[in-house]
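The values are calculated or read from the model by the stated rules, or taken from the named source; none is laboratory data. Just so it is clear, the structure is predicted and the values come from calculations on it, not from any experiment. Methodologically, a virtual Cβ is constructed for each residue, glycine included, from the backbone with ideal geometry; neighbour enumeration extends over all protein chains shown. Calculation scope for accessible area: heavy atoms of the full protein, side chains included, ligands and nucleic acids excluded. Shrake-Rupley method; radii C 1.70, N 1.55, O 1.52, S 1.80 Å.
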Amino acid sequence: MNNFAALKTGQWVKIKGMAENSDFIAHKVKIRRAGQHEVIEGKLQDLCLQNRAVTVMNISLQLDAEVAVQGIAAQKIGLPSLRIGEIIKLKGRYCRQAGFKPEKLKLQEPEGIHYPELQGYITALDQNAKILEVVGVRVTLRENTKIEGF
């Protein structure tokens, strides 16, 4: 990971990794052109129908009533159709004051090995500790983290 210096605050990145406690450990970071929405994707860990909340990557996110919930084929499904362990992709907007606000939730096809994913702008960067913040999530890079697209 000798190319950490290629990462800058304000860059759009796609990060694959694993949630560990309150951190996200990056396996791969790709610098990309900005997308229309920030993304959090991972296994559904918890679902609270009463509060319209989902937990993914140890992050609990409340879904407003207008959030579209879609199945794998992009068909409209209800929140009660979701099952713990399914892979979900949340697209939305992030701002430091309000956090990540999902606008869309879609089930994803299960793949072999699934690595949770974050996509968004780097909003904070600590060069010495090799830590980023993306979509409000603290992302730690390790020596074996691959950085691509610079």
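If the condition is being open to solvent by 80 Å² or more (accessible area, probe 1.4 Å) and of a type in the set (A, V, I, L, M), then segment 45-76 contributes Leu49, Ala65, Ala73.
Among the conditions (1) over 21 Å from Ile113 (Cβ atoms); (2) open to solvent by 30 Å² or more (accessible area, probe 1.4 Å); (3) of a type in the set (D, E, K, R), the only one that Glu38 does not satisfy is (2). Identify all residues within segment 29-82 that are small (Gly, Ala, Ser) and farther than 27 Å from Asn3 by Cβ; write none if there are none. If the condition is that a residue be small (Gly, Ala, Ser) and farther than 27 Å from Asn3 by Cβ, then Ala53, Ser60, Ala65, Ala68, Gly71, Ala73, Ala74, Gly78, Ser81 are the ones that fit.
Considering every residue within segment 3-10, establish whether at least one is assigned to a strand (DSSP E or B) and farther than 16 Å from Glu133 by Cβ.
There is no residue in segment 3-10 that is assigned to a strand (DSSP E or B) and farther than 16 Å from Glu133 by Cβ.
Applying a threshold of 9 Å to beta carbon distances and a minimum spacing of six or more residues, or different chains, the list of pairs starting in segment 29-53 at a residue that is farther than 20 Å from Leu82 by Cβ and among the hydrophobic types (A, V, I, L, M, F, W, C) and ending at one that is open to solvent by 50 Å² or more (accessible area, probe 1.4 Å) and in a strand (DSSP E or B) reads Val29/Lys16; Val29/Lys146; Val29/Glu148; Ile31/Glu148; Ala34/Tyr121.
Of the residues Gly120, Gly92, the single one that is touching a Lys or Arg at 6+ places or on another chain (Cβ under 6 Å), assigned to a strand (DSSP E or B), surrounded by 13 or more Cβ atoms within 10 Å (Cβ to Cβ) and at pLDDT 95 or above is Gly92. The single condition among (1) in contact (Cβ under 8 Å) with a residue 60 or more places away in the chain; (2) surrounded by fewer than 20 Cβ atoms within 10 Å (Cβ to Cβ); (3) of a type outside the set (Ser, Thr, Tyr); (4) under 25 Å from Leu63 (Cα atoms) that Lys101 does not satisfy is (1). Checking each residue in segment 56-100 for being more than 12 Å from the chain's Cα centre (by Cα) and among the charged types (D, E, K, R) picks out Asp64, Glu66, Lys76, Arg83, Glu86, Arg96. What is the residue count in segment 123-134 for residues that are open to solvent by 40 Å² or more (accessible area, probe 1.4 Å) and in contact (Cβ under 8 Å) with a residue 12 or more places away in the chain? Total meeting the criteria: 4.
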